[in-house]
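Contents: one structure, followed by commentary.
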Amino acid sequence: MGGILNPVIALLAFYWLAESVLIQKTELSNTQTILAETEKTQRYQRFENSFFSLLEQMNSVFIQLDTPDMSRTSTTNSCQVSNRSKLSKLHRKVFNVNSTVPISNMYITLRDNSADTNHYFRIIYQLLQFILKNSTGEYNDNISFNSLLLTKVTNTEKFYANIVRSFLSKEVTQLIAINCIDSTKIPYNMGEGQSGYPQYQNYKKFRALIERYSLLEHITNINEFSDITDYYDKSAFGNNINVEK
């Protein structure tokens with residue numbers, strides 16, 4: 001009996017040990033999967049928290065710029081109260097509603113009077129760059145900006161970029177379009193028959209993000225500055241019917 005039972009017991013012990021190892025291996029694999037999913041969820045939550053924090057900051061600055069300025073302005077005979085916001089005043093000055101001005105004049109006027117909007121534009125740029133750097137589902141700070149631009153736009157990128165675009169008013173979209181054109185293509189008169197190029201910072205990366213996410217797709221009154229299409233890739237305007245025409 002001992003000669004029979006001992007091998008049987010040993011076989012059963014080996015089977016039990018093998019089953020235990022397989023169960024532990026399965027549990028370990030499941031744990032690793034759960035941990036990976038948890039880490040992915042936490043990364044996504046961190047991204048969303050940062051994204052909506054930047055979006056809230058952007059909207060807060062916009063409200064400040066779009067709030068009517070109730071300061072008094074002196075005129076020759078009286079003192080008037082202005083009910084235009086800083087944003088409205090800048091837009092009116094740049095586009096000069098009383099006449100048609102060259103796009104080069106618009107650009108120089110904007111860049112010379114954009115002290116109040118620079119911070120707002122920087123937040124928009126940071127938001128778009130933040131979306132790009134998270135395009136693979138993980139923050140890619142080690143990958144160069146140009147390398148990320150070569151990747152295909154993901155549905156996630158489109159979703160969040162469209163959220164940003166939905167927060168941009170008509171005036172803001174038009175001002176951004178002027179603000180980010182290539183400064184090296186804007187000659188201006190230096191006086192005494194000389195011409196040169198304005199020494200403004202060239203927002204090349206901002207312009208690339210505008211084109212990647214079709215930020216100018218819903219731009220209106222394109223006929224007021226139709227030459228704008230010469231300064232951007234067609235992708236910047238998305239499916240804008242007026243640009244097609």
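Annotation: amide H-H contacts under 5 Å for SER85 (H modelled 1.01 Å from N, sequence separation of 5 or more, or interchain): ASP69. Computed over the chain, the percent of Cα pairs more than 35 Å apart is 36. Computed over protein heavy atoms with a 1.4 Å probe, the carbon and sulfur contribution to the accessible area of the chain reaches 51%.
Using the Cβ-Cβ distance between ASP69 and GLN126 with R0 set to 35 Å, the FRET efficiency from 1/(1 + (r/R0)^6) comes to roughly 0.85. Eigenvalues of the alpha-carbon gyration tensor of the range 100-168, scaled by 5 and square-rooted, set the equivalent ellipsoid semi-axes at 29, 14, 13 angstrom, largest first. Think of the chain as having a plus end and a minus end, set by charges on the Cβ of Lys, Arg, Asp and Glu; of SER169, TRP16, HIS91, HIS91 sits farthest toward the positive end of this dipole. Spin-label pair LYS185-THR41: with each label point 7 Å from Cα along the Cα-Cβ axis, the two points sit 4.8 nm from one another. Distances between placed amide hydrogens fall under 5 Å for ASN134 paired with ASN140, all partners being 5 or more residues away or on another chain. By the rule of a C-alpha distance below 20 Å, with chain neighbours fewer than 8 residues away ignored, the aspartates and glutamates paired with LYS25 are GLU37. Counting only lysines at least 8 places from LYS86 when in the same chain, those with an alpha carbon closer than 17 Å to its own are LYS170. Compared with the dominant principal axis of the Cα atoms in the chain, helix 118-133 is inclined by about 30°.
So how tilted is helix 2-66 from the main axis of the chain? Cα-based, degrees 0 to 90, rounded to 10. Here the helix axis deviates by roughly 10 degrees.
Rounded to the nearest 10 degrees, the inclination of helix 155-166 to the longest alpha-carbon principal axis of the chain is 30 degrees. Comparing SER183, SER214, SER29 in a Gaussian network model of the chain, where Cα atoms under 10 Å apart are tied by springs, the biggest mean-square fluctuation is seen for SER29.
The values are calculated or read from the model by the stated rules, or taken from the named source; none is laboratory data. Since the model is a prediction, treat every value here as computed from it, not as a measurement. FYI the Cβ positions are ideal-geometry reconstructions off the backbone, even for glycines, and counts take in every protein chain you see. Side chains included, ligands, DNA and RNA excluded: accessible areas come from the protein's heavy atoms. Shrake-Rupley method; radii C 1.70, N 1.55, O 1.52, S 1.80 Å.
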